[in-house]
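None of the figures in this text is laboratory data; all of them are computed from the coordinates on show. Everything numeric in this text was worked out from a predicted model, so none of it was measured. Backbone-built Cβ (ideal geometry, glycine too); neighbour counts: all protein chains shown.
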Amino acid sequence: RCQKRKQDLRYTVHFSAPHAAHLRFQLSVSDPSYNRVFLRFASHAREGFFGFGEQFSTYNLKGRRLPIFIMEQGIGRGAQPITTGANVMARAGGDWHTSYAGVPHFITSSMRSMFLENSAYSVFDLRPEHFAQVMVFSSKMTGRLVYGKDPLSLIERYTAYSGRMRVLPDWIHKGAIIGMQGGTKKVRTILHKLKKMKAPVAAFWLQDWVGQRKTSFGKQLWWNWELDRKHYPEWEALVGSFRKIGARVLLYINPFLADVKEKPHHRRNLFEEAKQKGLLIKKHDGKPYMILNTSFSAGLLDLSDEKARSWIKGVIRKEMLSIGADGWMADFGEALPYDVQLHAKLPASKAHNLYPVWWAKVNREVIKTDKKSNDIVFFMRAGYTQSPKYSTLFWLGDQLVSWDRHDGLKTAVTGLLSSGLSGFSLNHSDIGGYTTITNPIANYHRSKELHMRWAELSAFNTVFRTHEGNQPSKNHQFHSSDETFAHFVRCAKIYAAWAPYRKQLVKEAATRGIPVIRHPFLHYPHVRRFHHMSYQQFMIGGEWMVAPVLSPGQTRAHVWLPRGTWVHLWTGKTYTVRKGPWSVSVDAPLGQPAMFYLESSKAGKAFRKRLKQLGLL
């Protein structure tokens, strides 16, 4: 019982056990006019807090106050001067905590785990040394305590609730997914060069299949989900050329619709169709709620409405699957406003974080009904607690084309490792980053070295996919120079060479929820040095350790090896660590990212043998 002034406020806590390893709690107050509930529990100064979905700034959140609210991560996220500039121009700079896929779930170094079932805005205050506090903007807080003896068992038992990602199709492991824009002629030119270089190619991802438009942000797309045959003439022949080399074709979609009455050669105006059918989110006066994106506005589908869900699924089948799509980027999902009127009458405060889950479910339901269902892959950046149940793949969103720890290359590792604890077991980043800025104060353009080091990082990732960025002409691309092209092909071959082990780990992700790419904490939870690492090194499964070069001008890599005998991939030199961890420094020139495997690893030995066969070692 709480007392405020002279009025008693009663609260109740109900406990239940819906799962053998879950203790469910429901905390409510007697007066529903109170719209916030707090829960405080004991902690200690050295207890690390990990997880919380995709967190890009740091792996250990102890000492931070972390809000969980799905939103675009921002441009810069603290890096200067770009963050200030983005805030001045569009309030789009973001902060250390902004994330496309925050999740109210954590695992601690004391092997404690908890998550909320609430979808409302919540805050985890981990600043005090001796306690932690959770707040949710609701008169009720519902959550679960998860029991497990180690991080892997805690993840497995948590994902029994959140859902687990299905196995990826075999074709995705074949090689690179080539992200391109520019139309048929340009794509064919690059296709010819890739064939000449004998590059392993899994797919071409053509996000501008709908046509391009120039905006204040750079080259963007017409958000009208139909093929632009002026931009991609002879489409069927192009798809046939992909098929001849065993490559798939991937497209792009998001839940927005833009009015295309000014776009030449359009066949359908999907915005107008959805508007007439009442399928867009609405203001309280009943008019469509238009949302500004860079220099144009768009309507957002009301996915709380079964009619809207059914309609957009029909669009995907007719306009995408029927023209040969094997998958797509299912972008966005973060933008549901708070002052919106939904068909389902659900308050936007509860629906906002759920919208990306709805968007994932729509895409999953589309592919379930297709005859090649198991071969289709869609990848998303936005997510919440149960997104892994529906999404087939995630990517880490729009990193800045920089090296920094706020919004650049380093955050691609931190976000990957943190998200893996919350069920995002299959995840990856754009090779080279995405967000490109041309400004009199400071330019952010992708350098040659950055592209090459990012490609090396991605060679040891679940998926190996390029992106030109929002200003392709300002960025170094994999085909910008002979050296970069050769390096890219080498990285694609490295990626393809460990496909057997990757497939094994993907199956484990589907059955247990364990991520393919893992923070060392997952296998060595009692090594305190690992508790404070965010991006410096990571494991692939439980047998490999990778220490990518993440800063410019460096040609050596530093890694901490835990107990065991480790083999350096490129030299074959062994390091026996009896009392770990042991600090090791090795050469890491371009093309040889630092990677070690346990001497007992059959997968490591097979990988090294395959690299020799390919002439890469």
Compute the distance in nm between two label points, each set 7 Å from the Cα along the Cα-to-Cβ direction, one at residue 529 and one at residue 277.
5.9 nm
Write down the Kirkwood hydrodynamic radius of region 517-613, to one decimal in angstroms, obtained as one divided by the mean of 1/r over all alpha carbon pairs.
13.6 Å
Net dipole in debye of the chain [+1 Lys, Arg Cβ; -1 Asp, Glu Cβ; about Cα centre; nearest 20]
1140 debye
Given all pairs of different Cα atoms, what value in angstroms does the Kirkwood hydrodynamic radius of the chain take?
25.1 Å
Packing-based exposure ordering (other Cβ within 10 Å, fewest first) of 616, 416, 550:
616, 550, 416
Mind listing the phi-derived Karplus ³J(HN,Hα) values for region 539-550, rounded to whole Hz, using 6.51, -1.76 and 1.60 with θ = phi - 60°, and x for any glycine or proline?
10, 10, x, x, 10, 10, 10, 10, 10, x, 7, 10
Set the Förster distance to 45 Å, then compute FRET efficiency between residue 558 and residue 110 from the Cβ-Cβ distance, nearest 0.05.
0.95
Can you compute the FRET efficiency between residue 447 and residue 234 using 1/(1 + (r/R0)^6), with r the Cβ-Cβ distance and R0 = 41 Å? Round to the nearest 0.05.
0.70
Mind computing the radius of gyration and Dmax over the alpha-carbon atoms of region 14-54? Å is fine for both.
14.6, 37
Which order results if 221, 400, 194 are arranged by neighbouring Cβ count within 10 Å, fewest first?
221, 194, 400
Least to most buried among 109, 391, by other C-beta atoms within 10 Å and fewest first, runs 109, 391
Hey, how many Å between the Cα centroid of region 295-313 and the Cα centroid of region 503-533?
37 Å
Could you calculate the contour length gain from residue 140 to residue 44, that is, 0.36 nm times the residue separation minus the distance between their Cα atoms, to one decimal place in nm?
31.9 nm
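Quick one: if you take sqrt(5λ) for each eigenvalue of the C-alpha gyration tensor of region 2-162, what semi-axes come out, biggest first, whole angstrom?
On the way: eigenvalues 164, 96, 43 Å².
Semi-axes, largest first: 29, 22, 15 Å.
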Have a look at 549, 55, 288 and report the one farthest towards the positive end of the charge dipole of the chain, computed about the Cα centre with Cβ charges (Lys/Arg +1, Asp/Glu -1).
549
Residue 579 paired with residue 17, simple spin-label distance in nm, labels 7 Å along Cα-to-beta-carbon
4.2 nm
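Among the listed pairs 186/261; 275/313; 275/345, which have their C-alpha atoms separated by more than 22 angstrom in this model?
Check vs 22 Å cut-off fails for 186/261.
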In the chain, what % of DSSP beta bridges are antiparallel (nearest 5)?
80 percent
Full extension from residue 10 to residue 350: what is 0.36 nm times the residue separation minus their Cα-Cα distance, to one decimal in nm?
120.0 nm
Mind checking the full-extension length gain between residue 24 and residue 372? Use 0.36 nm per residue of separation minus the Cα-Cα distance, one decimal, nm.
121.4 nm
Mean separation of Cα contacts under 8 Å (6+ apart) over length of region 436-539, as relative contact order %:
21 percent
